[in-house]
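To start, the structure under review is shown below, and the notes come after it.
Bear in mind these aren't lab numbers, they're just calculated from the coordinates by the rules spelled out. Bear in mind the structure is a predicted one, so any value in this text is a computation, not a measurement. Glycine gets a Cβ as well: all are built from the backbone with ideal geometry, and neighbour counts include every protein chain shown.
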Amino acid sequence: MHLRLALCACSWAGLVHAKSGFSGQQQVPILGDPPSGAFANSASLPTVIPTIHDTSAPDPQKECPGYKAWSVATNEHGFTASLAVAGKPCNVFGNDIADLTLHVSHQTASRLSVKILPTYIGPENTTWLELGDQFVAQPSWDGSTTTETSHLQFEWSNEPSFQFSVSRRQDGEVLFSTFGHNIVYEDQFHELITNMVDDYNIYGLAEIVRPFRFGTNFNATLFNVDNADATDSNSYGSHPFYQETRYSKNQNSSAHGVYARNVHAQEWLMREKTLTYRAIGGSIDLYFFSGQPDDTQDAPSTALETIRQYQRSSGFPAMQAYWAHGFHQCHWGWGKVQDLRDVVANYKRANVPLEAIWTDLDVYYKARPLTNDENRFSSAAMHKFVADLNKDGQHYVPLVDSNVYMPDKDDPADIYLPFTRGDNLGAFIRDGRTGDYFVGKAWPGKSVWADWLVPSTYDWFANELRIMHEATPFSGLWIDVNEPSNFDNVLVDDTLHSQDIRDSRKLDFPPYRINNFRSTHQIIDGTIALSAMHNDEHATREYDVHNLWSIGITKAAYNGLATTVHPGKRPFIISRSTGIGIGRYAGHWGGDNESKWGALYLSISQALIFQMAGVPMFGTDTCGFGGPDSFEELCARWTQVNAFFPFFRNHYGVMRAAQEAYVWPAVAEAARRVIAIRYSLLTYIYTLFYHAHTRGDTVLRALAWEFANDESLRATDNQFMLGSALLITPVLNEGSTSVKGVLPGISEDTRWYDWYNLQEVTSGNSSENITMEAPLEHINVHVRGGSILTLQEPGYTTRETREGLYSIVVALDGRQEAGGDLYLDDGESIEQDATKMVQLKYSSNKLTVSIQGTYRATPALATISIAGLKRQPKNVALDIGGSQHALRENTFQNETLRITDLAQYFGDGGWEHEFFVQLS
């Protein structure tokens, strides 16, 4: 949330003027280091021209000589080599590093590592260059893959300088090639250029709010920044992974991925024939994914397998608590506990299910995180409120802002115990020149920031969460402004620009100027100084770990919840800022979006790229957070879309008209309908999360991922899939009562069934839009033939829903077959005492249900529906536990068989016994 409120109505030029205090007066860009002088805050930061837009900036490819390889030493899974600068150092954006070491390793059949590091690394520069595994997983060799068994081949040449390519062994297809380009390697700048195929299709590189497919003329900047609702620019998170798909006529498409394991500020420059990777520090640490399953070289490569391979390298996402998949409500602006009670009661009165209510910084004392305002949200009143929520199966989630208020040392009455306790442990980041705490500004005023590079900070934070929970019990946490966001750039005095004897680099004003979203484009605008110093043994600079800060606080929150606040229970955490592998600890919401149709449309591509990034628990603020007040039609349509996103929350900002789902009749009706669908699908969604957690599957899918050979779908982002079984076609335009969409694969015998009546839709072909009726309360949902869904009767909460009767929906494909699965556990424990996996298969007129595991789900199985049958069966029989039963309670209409009255045979639970249903 936050700074957006002051800026949301401004144009890009207006942002500059609003923050600078100038009114129409042109600012002179500063191209080098800013002059010495006292800068009070960000309003005084001079604007600079990003290097990519600076026509006077040097071209590294023309200025730099590249490297020559020598002293090659091979091993069974790769080789190492020395690289020596091939001419006079160019020093274009830093100091050239003359001697490098190349490490090439075929780590698994599908993953190739190419790492280039300086040959000489010592204690004084190790954190400049090497990324440890404290925050970002370090992939390694599996111990068995060799250069011969790898899917990928590495080739190189020394003419005219060191160049390399990565190709697929299966067909020789070149996936990445630096041939024709020099490698540039400096202490504050790296450049690597790969040649690209014509009209290439790449996706990923979160977080940039834009359409799903990148074009061939785009500059992607990755640097975490407080950026509300801006498009085509760097934003809250940085995930340097892209996936590329290539199409061929009359052949399967191919897919592969590239991951740069680097957390420094970086840019990916897409041009018609090339893709340029630039970073302002760290090492060149690349991983290439073949997109083929590890156990075969003959299988096609796919986008979905590529994404799995990336997540195996960065870390699989956490398994979420079952209740987290319910519907959540939040607002910045509630003034007292009774406001919260009224919202909960209004939802109940409108019969719109509500799982959790959240609070923003309103509950804080003087906006100080980790506190309660005892006058408006007293601990006693909040205890009673939360107890009432929990009794009804509902939950409370508070905000944790990421700054720590720094009391006035000259005012004995100004006491803030979280700071005092952290100060006693030295838990805060320091000013890189003075050694005192780095002091910035946030909502409460002067603030400091936690240092996640030292273990004692985790102990401090766990204790603060314990104290916070004792004051007001909560079920999960919402972490905000953790880029981290600093409202005041600390250009305090001349010493900031003086030489730092402990670090020779230019940290706050690096020579290469990224295209940072902030109005000044300065890399320190809106965050803590990059010269700030951590308390670890290496005195690591923020410059080298900025994009890790959000991972640090979410990891600390996860550990604190799992060990101290709710021991053994799955932590539920939603974080605004994100980084590589953060899905292991938290989900993400899309930040401070605006109540506009365009933001609703772009939310789909946002959701898809975070599936790629390994953060499946993603959603946007339903109905919009900022900008103009939301309104009935937009809110109804947004509620319909987000009901199929993994994280589903309505949230709006201060001083805005109410937009809870019960406010407008049409929104309330749309919410009742779509939440009933969502809750009936919770077992399916939960199973999708289990597969995401254990093997890196995505929960949401792009149509291009599921129908990989249909090139017409390569940019489709107005429809999406929930798992492989459900196609969602929302209305994204104002005033529409119908919507156009495709039914993929239909010309290749894929069958689609209307969710609401299970009738097959037969019109259209794979690449043609068809028109679907979509009155305001309705969203089009189709079930893919070949799928089996297990559903439950929806209740008002997820707890009630878990007690609802089960049903099975079988949607037959063109071969009269279908399959699906169901994962069951207690929904909350990190370590499970018992689980159950149910496999469902329909073939040869027989539905077979096989079971592994001992977890007991007590609700009975009540109905089975089989859609797409070519003829009505004469007999339907159930065999359960060796007992046979004729099932006469069934109907057949429009090629759908509905079998009812089954609960009598499943009295001890729907999944306690293996069974089959035979049609004849």
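Full extension of the chain between Ser920 and Phe179 gives 260.4 nm of extra length, using 0.36 nm per residue less the Cα-Cα distance.
Annotation for Gln904 and Ser738: the two label points, set 7 Å from Cα along the Cα-Cβ direction, are 4.7 nm apart. For the peptides 879-887, 297-305, the ranking by packing is 297-305, 879-887, with the highest mean count of neighbouring Cβ atoms within 10 Å listed first. Taking a label point 7 Å from the Cα of Asp99 along the Cα→Cβ vector, which residues of segment 150-164 have an amide N closer than 19 Å to it? Within reach of a label on Asp99, which here means backbone N under 19 Å from a point 7 Å along Cα→Cβ, segment 150-164 contributes 162. Across segment 624-633, computed HN-Hα scalar couplings (Karplus, 6.51 cos²θ - 1.76 cosθ + 1.60, θ = phi - 60°) run x, 8, x, x, x, 4, 5, 9, 4, 5 Hz from first to last residue, x flagging Gly and Pro.
So if I take the centroid of the Cα atoms in segment 681-745 and the same for segment 529-547, what is the distance between those two points in Å? Rounded to whole Å, the Cα centres lie 41 Å apart. Using alpha carbons only, how many angstrom separate the centre of segment 635-676 from the centre of segment 353-423? Here the answer is 26 Å between Cα centres. A Förster distance of 30 Å, applied to the separation of the beta-carbon atoms of Thr771 and Phe631, puts the FRET efficiency at 0.75.
What the phi angles of segment 264-279 give under the Karplus curve with 6.51, -1.76 and 1.60, with θ = phi - 60°, is a coupling list of 7, 4, 8, 9, 10, 9, 8, 10, 4, 10, 9, 10, 9, 10, 10, 9 Hz, glycine and proline written as x. Annotation for Asn424 and Val197: the two label points, set 7 Å from Cα along the Cα-Cβ direction, are 6.2 nm apart. Can you compute the label reach from Ser56? Point 7 Å from Cα along the Cβ direction, backbone N cut-off under 17 Å, restricted to segment 262-298. Once the point is set 7 Å along Cα→Cβ of Ser56, nothing inside segment 262-298 turns out to lie under 17 Å by backbone N.
Counting only lysines at least 8 places from Lys88 when in the same chain, those with an alpha carbon closer than 27 Å to its own are Lys62, Lys68, Lys115, Lys506. Distance between the modelled labels on Val72 and Arg349, one decimal in nanometres: 7.8 nm (7 Å Cα→Cβ projection).
Backbone amide hydrogens, once placed in the peptide plane, bring Ser233 within less than 5 Å of Val209, excluding anything fewer than 5 places away on its chain. Is the C-alpha gyration tensor of the chain telling us rounded, prolate or oblate? Criteria: a/c under 1.5 is rounded; beyond that, a/b larger than b/c is prolate, otherwise oblate. Since a/c reaches 1.5 but b/c is at least a/b, the shape of the chain is classed as oblate. If you average the C-alpha positions of segment 97-145 and of segment 832-908 separately, how far apart do those two centres end up, in angstrom? Their Cα centres are 52 Å away from one another. When the pairs Lys336/Lys366; Lys336/Lys596; Lys336/Lys409; Lys846/Lys874 are compared against a 21 Å limit on Cα-Cα distance, Lys336/Lys596; Lys336/Lys409 fall above it. In the chain, the longest principal axis of the Cα atoms and the axis of helix 597-612 are about 90 degrees apart. Annotation: aspartates and glutamates with alpha-carbon distance below 16 angstrom to Lys555 (same-chain offsets under eight excluded): Asp133, Asp401, Asp451, Asp459, Glu464, Asp480, Glu483.
Stretching Thr231 away from Asp133 to a fully extended chain increases their span by 32.1 nm, per 0.36 nm per residue minus the current alpha-carbon distance.
Which FRET efficiency value, to the nearest 0.05, do you get for Ser379 and Tyr855 by plugging their Cβ-Cβ distance into 1/(1 + (r/R0)^6) with R0 = 45 Å? Computed FRET efficiency for Ser379 and Tyr855 comes out at 0.75. Only helical runs count toward this figure. For the chain, summing -39,500 (n - 2.57) over DSSP H runs of n ≥ 4 and dividing by all residues gives -5500 deg cm²/dmol at 222 nm.
Straightening the chain between Thr80 and Ser844 buys 269.5 nm, computed as 0.36 nm per residue apart minus the Cα-Cα spacing.
Here's the list of lysines a cross-link from Lys391 could span, going by alpha-carbon distance under 19 Å and ignoring same-chain residues fewer than 8 apart: Lys348, Lys569.
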